[in-house]
1. Considering only residues that are in a helix (DSSP H, G or I) and touching a Pro at 6+ places or on another chain (Cβ under 7 Å), look in segment 43-67 and name the one that is surrounded by the fewest Cβ atoms within 10 Å (Cβ to Cβ).
2. Look at segment 199-213 and say how many of its residues are open to solvent by 40 Å² or more (accessible area, probe 1.4 Å) and part of a loop (DSSP other than H, G, I, E, B).
3. Name every residue in segment 68-103 that is more than 18 Å from residue 174 (Cα to Cα), touching a helix residue (DSSP H, G or I) at 6+ places or on another chain (Cβ under 6 Å), not in a loop (DSSP other than H, G, I, E, B) and not aliphatic (A, V, I, L, M), in order of residue number.
4. Please name all residue pairs, on different chains or six or more residues apart, with Cβ atoms under 7 Å, provided the first residue is in segment 55-76 and is of a type in the set (Phe, Trp, Tyr) and the second residue is surrounded by fewer than 23 Cβ atoms within 10 Å (Cβ to Cβ).
5. Looking at (1) of a type in the set (Gly, Ala, Ser); (2) over 22 Å from residue 190 (Cβ atoms); (3) surrounded by fewer than 16 Cβ atoms within 10 Å (Cβ to Cβ), which one does residue 73 not meet, given that it meets all the others?
6. So residue 123 clears everything in (1) closer than 16 Å to residue 58 by Cα; (2) open to solvent by 30 Å² or more (accessible area, probe 1.4 Å); (3) over 15 Å from the mean Cα position of the chain (by Cα) except one condition, right? Which one?
7. Condition first: of a type in the set (Asp, Glu) and either free of Cβ contacts under 8 Å to residues at least 60 places away in the same chain or open to solvent by less than 20 Å² (accessible area, probe 1.4 Å) (or both). Now tell me which residues in segment 164-198 satisfy that.
8. Quickly run through segment 146-163 and pick out the residues that are without any contact (Cβ under 8 Å) to a residue 24 or more places away in the chain and open to solvent by less than 40 Å² (accessible area, probe 1.4 Å).
Amino acid sequence: MASHGYPRRIFIFFLLLLHTFLFQYNSSSCYAQIAELNDQKVDLTLYYETLCPYCSYFIAHDLVRLFTTGLISIVNLRLVPWGNADVEPSGYFQCQHGSGECLLNTVEACAVDAYPDTYKHYFMIQCIESLAYQNREAEWQSCFDQVSLDSKPIFDCYNQGNGRRLELQYAYETSQLNPPHAYVPWVLVNNQPLRQDYQNFIAYICREYRGSSVPAACSSAEFMINSFGNDATDAFQQMCYVGGNQNLTSFVPTEILQQNSQVFS
């Protein structure tokens, strides 16, 4: 019995060894493919402020096409809610469209931080910006139910001071842009500003993508443009300019529900 069992055990051992090798090889190959895909993704960064109507419209109605067309699979999307705001020497914030904008800038910074998954924080922000475009920004808390997110992580971020720290980081990042932003929305694709042609962001993404899995949206005539640069139509009025019309009020994030009732009363 023992002489018959020994070869069988050897056979089973080699089968297990082979299985382990193949599993590790396939896993390594899979991880390598994922890493390669991530390396090939196109970076899209949006610098914006929450109550600029052109930013609100772009986020709510244009940027969503990344998700509806599947282009998000080849894009690293970053949202930077600061825009044309400023930090006073006292440390207080001044936002172009008043205290409500400072509050929502911080809320959206907290959404990105509390929910790193792009789908989760984008659709929360899209909901808020859709309301803002309709002049219903005071209803922003309804978005938690609409997108099925827990409010507590965002409230904690805001109330415990992390939101303020995030905004200061975004303020510094925005101040270091080269060339400096002249208005918002300020869109970068692979670190190159699209300037007034920002609404053609999909064409720029498709041009920059170097991977083999080209999304169908990139071959659609809807997203093709003949030249890249200065062929935006009626673009001059589609931005909020640095130093433009301002409703400046000193603001520092402290307690979200109290401040919300004050700025949106």
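The values are calculated or read from the model by the stated rules, or taken from the named source; none is laboratory data. Computed from a prediction, not measured in an experiment: that's the story for all the values here. In this analysis, Cβ positions are derived from the backbone assuming ideal geometry, glycine residues included, and neighbour counts consider all displayed protein chains. In case anyone asks, the SASA skips ligands and DNA or RNA and just uses the protein heavy atoms, side chains included. Shrake-Rupley method; radii C 1.70, N 1.55, O 1.52, S 1.80 Å.
1. So the residue we want is 54.
2. The qualifying residues number 3.
3. 99, 100
4. 57/133
5. Condition (2) is where residue 73 drops out.
6. (3)
7. The answer is 167, 197.
8. 151
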